[in-house]
Amino acid sequence: MAGNKMYEALNEQIKYELYSSYLYLSMSAYFSEAGLNGFANWMMVQAKEEMTHANKLYGYLISRGAPIKLLPIDGPPSAWKSPLDVLQEGLKHERFVTSRFNMLMDLADKSKDHASKIFLQWYVTEQVEEEENFTDLVNKLKFIKDDGGALFMLDKDLAARAFVDSTQAAEA
Ligand code: OFO
């Protein structure tokens, strides 16, 4: 049986996933206010995904009979300088979340908690995709610079993103 340290850290990770959802919801609101509805949709889908990441952690802890201790969630920022600034901050946040999962994997290794390690592997893979998605948008926005027409086209593309619960697909 894994030590409480692992379960405490996984409980704490629920907070970070919910904060991620809160952050992206706030970013979605920023884009809605700016009239960039495609970006707003992309961020809203991202916010929904983060909820599923939190729920997956919750489900695992319940299945292990571990205590659930939900922690307070900080308020996210609500103002950014530009769409590029928003995406850069999002990428920075994803890198932070990746560092959290690396730390959790180290902890699983140290405590020889094989079940948690296998469970956490899904998140390690997911973080590669998360960083890639944000990096892609950062690069596109750097390329676009002040080209309003190109920004409009990208906004149109991002309106097509649909929510898929990848935590369910992975378990199917
Ligand atoms: Fe939960 O993947 Fe982003 O933070």
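The values are calculated or read from the model by the stated rules, or taken from the named source; none is laboratory data. Treat the numbers as computed from the prediction; the structure is a model and nothing was measured. Glycine gets a Cβ as well: all are built from the backbone with ideal geometry, and neighbour counts include every protein chain shown. The accessibility values were calculated without ligands, DNA or RNA, using every heavy atom of the protein model including side chains. Shrake-Rupley method; radii C 1.70, N 1.55, O 1.52, S 1.80 Å.
Relative to the longest principal axis of the Cα atoms of the chain, the long axis of helix 4-33 lies at roughly 10 degrees. Sorting 27, 153 by solvent-accessible area of protein heavy atoms yields 153, 27, largest first, with a 1.4 Å probe.
Using the Cβ-Cβ distance between residue 152 and residue 85 with R0 = 22 Å, the FRET efficiency computed as 1/(1 + (r/R0)^6) comes to roughly 0.70. Taking 23 Å as the limit for the C-alpha separation, the pairs 5/117; 56/156; 15/145; 69/117 exceed it in the case of 56/156; 15/145. How tilted is helix 37-63 with respect to the longest principal axis of the chain? Cα atoms for both, answer in degrees (0 to 90, nearest 10). The angle comes out at about 0 degrees.
Here the extension length gained between residue 33 and residue 68 equals 8.9 nm, from 0.36 nm per residue of separation less the Cα-Cα distance.
The trypsin sites (Lys or Arg not before Pro) of region 66-108 that DSSP puts in a loop, and whose beta carbon has at most 11 other beta carbons within 10 Å, are 81.
The C-alpha atoms of the chain define a longest principal axis, and helix 83-110 lies at about 10 degrees to it.
Extension gain for residue 52-residue 96 works out to 14.0 nm (0.36 nm per residue, less the C-alpha to C-alpha distance).
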